[in-house]
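The values are calculated or read from the model by the stated rules, or taken from the named source; none is laboratory data. These numbers come from a predicted model, not from an experiment. In this analysis, Cβ positions are derived from the backbone assuming ideal geometry, glycine residues included, and neighbour counts consider all displayed protein chains.
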Amino acid sequence: MGKIKQGILGGLSGKVGNVIGANWKGIDYLRIKPSSVANPRTPGQVDQRSKFSTVLRFLQPMTDFLKVTFRQYASGMTQFNAAMSYNLNNAVTGVYPDFAIDYPNALVSRGNLTTPADGAATSTTAAELDLTWTDNSGTGSAMATDKALIVAINAVRGEAVFTTAGPARSAGSALLNLPVEYSGENLEVYLGFISEDGSKVSNSVYLGSVSIA
């Protein structure tokens, strides 16, 4: 129960109706209690929260990677939030409660640098991932010195192995070392490029789900 000590304009302690009185550093102040939400879990809200959780689980393991690869689209927001926004709108498939990531349509890097050509990923040696691509230097904005952006996502474990400074575009191949416990498990693999000075990145390309030797 609230008490008005000095008239209606001051000295209110506690709550009277939807008005709450308090004191901060000797100053009395009033605030209005927010109206309660009659149904905070409408079907639309539940649907959106489930989609959000799906994308969050996908992106969280590569938070540091996204700080580099979504830099161009982080105007007024963090790089992670830019990645969340894109993938929420473009990379969720299914219906509630069975939402999943649409891996071919997801992006883990986004930009206007020329994308990789003919990318592929395989694993023939334990705890190693082999990637290949065609050197398309000179096509569009592609430069021989661009560095490979590589992500291998272990969705079951909620982990990712990545690099933002892989071999040059002109190299045509890369080797990514993996934890030994990944042997026998499937990883979702993406390849992109970043310019040598780090100012430009390409959209990522999904190379498929790879069973690790």
Only one residue in Ala127, Ala100, Ala82 is closer than 17 Å to Ala152 by Cα and of a type in the set (Gly, Ala, Ser). Which one? Ala127
Regarding the stretch 135-146, can at least one residue be identified that is of a type outside the set (Val, Ile, Thr), touching a Ser or Thr at 6+ places or on another chain (Cβ under 9 Å), within 21 Å of Gln60 (Cα to Cα) and buried (at least 21 other Cβ atoms within 10 Å of the Cβ)? no
Hey, among Thr164, Thr139, which residue is of a type outside the set (Phe, Trp, Tyr), closer than 22 Å to Tyr103 by Cβ and modelled with pLDDT of 95 or more? Thr164
Please return the ranges of strands (runs of 3 or more DSSP E) entirely within the stretch 152-206 where 2 or more residues are under 18 Å from Leu107 (Cα atoms) and in contact (Cβ under 8 Å) with a residue 40 or more places away in the chain. 159-163, 186-194
List the residue pairs whose Cβ atoms are under 7 Å apart, where the first residue sits in the stretch 67-88 and is farther than 19 Å from Phe162 by Cβ, the second is β-branched (Val, Ile, Thr) and modelled with pLDDT of 95 or more, and the two are 6 or more positions apart or on different chains. Leu88/Val55
Can you tell me how many residues in the stretch 97-147 are out of contact with any Pro (no Cβ under 8 Å at 6 or more places or on another chain) and in a loop (DSSP other than H, G, I, E, B)? 28
Here are some residues: Leu131, Leu149, Leu178. Which one is out of contact with any His (no Cβ under 7 Å at 6 or more places or on another chain), at pLDDT 95 or above, of a type in the set (A, V, I, L, M) and closer than 16 Å to Asn112 by Cα? Leu149
Being surrounded by 14 or more Cβ atoms within 10 Å (Cβ to Cβ) and at pLDDT below 95: is that true of Val19 here? yes
Given the structure, is Leu149 closer than 14 Å to Ala121 by Cβ and over 20 Å from the mean Cα position of the chain (by Cα)? no
